[in-house]
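Values quoted throughout were computed directly from the atomic coordinates according to the rules given, and no laboratory measurement underlies them. Remember, it's a predicted structure, so these values are computed and weren't measured experimentally. Cβ atoms come from the backbone with ideal geometry, glycine included; neighbour counts cover every protein chain shown.
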Amino acid sequence: MHIKEDFPVAQKVVYLDSACMSLKPLQVVNKIREYYEEYTACAGRSHHKLGERVTREVANARKSFQDLISARKPEEIVFTKNSTESINLVANSLSLKQGDIIITSDKEHNSNLLPWQFLSRKKGIKHIIVSTEGDFIANLEEKMNENVKLVSLAHTSNLDGTTIPAKEVIEIAHEHGALVMLDAAQSVPHKEVNVRRLDVDFLAASGHKMLGPTGTGVLYGKEELLEQLEPFIVGGDTVKNTTYESYEMMPIPEKFEAGLQNYAGIIGLGEAVKYLKKIGYKKIQAIEAKVNKGMTEAVIDLGGEIIGPVDYEKRSGIVSFIIKNTDVHQIALLLNELGRVMVRSGMHCVHSWFNAHGLRGSVRASAYLYNDEEDVEKFAETLEKVVKLVA
Ligand code: ALA
């Protein structure tokens, strides 16, 4: 099977920015087109054939996602815009009060930092940051106490590709009576995540990083926890009935999905999940490891410094690096100019970590299932040209 054939963009450029945005296979594009060409309508309210089809397709997408992460029930899958919205939903819906503690790590994306900084300012919650340097589990244990209400962590880091020992983290948090949320934006696209086996309480994922359309995401929550949460956006579709003075909320997940939804996107995301399952995580991980090995060797050969462990096997499909005395944006621009190699440069929305380390950013190449040996060669050969020019 030639995966690249399904991805028109991957045939035109060397696309190594999948940690930011994954490409979309033709199957997903066609599924979205089908919605617009054949059954553009609303889900869950219009009792005509088109409306019924949208309702069915949205339910299928929810079920597909449920199976992908091994959730108990489809109702535990809430559709959102992206991981950021999923995290904000939890932050704004959990009943937190002054003095409650939220723990994150020192390597969080802004999406898992700002919601807590806002809550510190607005509600007086305490936000504690645990260092990922040294023994993360020991660092975490040291900060745990009965006031910690939630431990919210990136499962796989978008900065360096490393993955936290989620199972251990969750066990420790639960022993102290705290809930755990995983920001799985960089893990669910690339590896098997089983929410039941992990016993995780909440999980946030983005559709656009897992072959799905932009503006799609998911919040997984255990049924009993979602039931307790108050929605933070309300309106059409979240209620069964209203009077001028009162309302009767819908059950989960509808109570969180206010207003007309991104049906084309949700249905496209369902198709993306189907595609991921067809290829399988085992194969995806093997491809990424091979590509990352080649990219890592190229970076090291050219004197680059890798952020995170040198061992590519510990960094998923990501190699984030710096070349001394060069500007990260200049490297990215030249990789594009000289070889149509697309990488991301800068702080990757983890400004806090770069600022704390006195760094101005990194160059980040991130692989996915459509990358191959040819891409690695082009990356290595173009990086060599760039280094000769700028270093
Ligand atoms: N989280 C995205 C990235 O790392 C935006 O590029």
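Considering all projection directions equally, how large on average is the shadow of the alpha-carbon convex hull of the chain, in square nanometres?
The directionally averaged projection comes out at 20.1 nm².
Throw me the Rg/Rh for segment 239-328, computed over C-alpha atoms with Kirkwood Rh, two decimals. All intermediate terms of the calculation are to be shown ahead of the outcome.
Details: Rg = 23.2 Å, Rh = 17.7 Å.
On the Cα set of segment 239-328, Rg over Rh gives 1.31.
List the aspartates and glutamates whose Cα sits under 14 Å from the Cα of Lys122, skipping any in the same chain fewer than 8 residues away.
Within the straight-line cut-off, Lys122 pairs with Asp100.
Taking segment 80-178, which trypsin sites (Lys or Arg not before Pro) meet the DSSP loop condition and have no more than 14 other C-beta atoms within 10 Å?
Numbers: sites: Lys81, Lys97, Lys107, Arg121, Lys122, Lys123, Lys126, Lys143, Lys149, Lys167; in loops: Lys81, Lys97, Lys107.
Listed in order of number, the matching sites are Lys97.
Return the whole-Å distance between the Cα centroid of segment 142-207 and the Cα centroid of segment 291-308.
What the calculation gives is 28 Å, centre to centre.
Helix 26-38 versus the longest principal axis of the chain: what angle, 0 to 90°, nearest 10, using Cα atoms?
Helix 26-38 sits at roughly 40 degrees to that axis.
State, to one decimal in nm², a quarter of the convex hull surface area for the C-alpha atoms of segment 56-146, i.e. the direction-averaged projected area.
Working: hull surface 30.5 nm².
That works out to 7.6 nm².
Please compute the contact order of segment 170-239 in relative form: average sequence separation of alpha-carbon pairs under 8 Å and at least six residues apart, divided by the residue count, as a percent.
Numbers: 72 pairs, mean separation 16.9, N = 70.
The normalised contact order for segment 170-239 reaches 24 percent.
Tally Lys/Arg at +1 and Asp/Glu at -1 over every other residue whose Cβ is under 15 Å from the Cβ of Glu254; what's the total?
Cβ neighbours under 15 Å give a net charge of -3.
Less than 16 Å apart at the alpha-carbon level, and either on another chain or at least 8 residues along: which aspartates and glutamates does that give for Lys167?
In chain and number order, the partners are Asp135, Glu141, Glu175, Asp183, Glu192, Asp199, Asp201.
Hey, could you grab the Kirkwood Rh for segment 12-88? Inverse mean 1/r over distinct alpha carbon pairs, Å, one decimal. Don't skip to the end; give the middle numbers.
Values: mean 1/r = 0.0673 Å⁻¹.
Averaging 1/r across every pair of different Cα atoms and inverting gives 14.9 Å.
Using a basic spin-label model with each label point 7 Å from the Cα along Cα→Cβ, how many nm lie between Asn139 and Lys324?
Taking the simple label geometry, Asn139 and Lys324 are separated by 2.6 nm.
Considering Cα pairs under 8 angstrom that are at least six residues apart, work out the relative contact order of segment 104-256 and quote it in whole percent.
Contact order relative to length: 14 percent.
For segment 67-74, in order, what is each residue's ³J(HN,Hα) by Karplus, 6.51 cos²θ - 1.76 cosθ + 1.60 with θ = phi - 60°, in whole Hz (x at glycine and Pro)?
Coupling constants for segment 67-74: 5, 4, 9, 6, 6, 5, 9, x Hz.
Strictly greater than 12 Å: what percent of every Cα pair in segment 1-47 meets that?
71
What are the GluC sites (Glu not before Pro) within segment 40-142 that DSSP puts in a loop, where the Cβ has at most 14 other Cβ atoms within 10 Å?
Those that pass, being in a loop and sparsely packed, are Glu133.
In whole Hz and in residue order, list the ³J(HN,Hα) couplings for segment 336-346 that follow from phi through the Karplus curve 6.51 cos²θ - 1.76 cosθ + 1.60, θ = phi - 60°; x for Gly and Pro.
5, 4, 8, x, 6, 9, 9, 10, 9, 10, x
Among the aspartates and glutamates, select those whose C-alpha is under 19 Å from the C-alpha of Lys49, and discard any that sit fewer than 8 residues away in the same chain.
Glu34, Glu37, Glu38, Glu57
For a footprinting-style exposure proxy, rank Thr242, Thr214 by other Cβ within 10 Å, fewest first.
Going from least to most buried by this count: Thr242, Thr214.
Hey, what D do you get for segment 154-194 in µm²/s if you plug the Kirkwood alpha-carbon radius into Stokes-Einstein at 4 °C and 1.567 mPa s? Don't skip to the end; give the middle numbers.
Details: Rh = 10.8 Å.
After rounding, the answer is 120 µm²/s.
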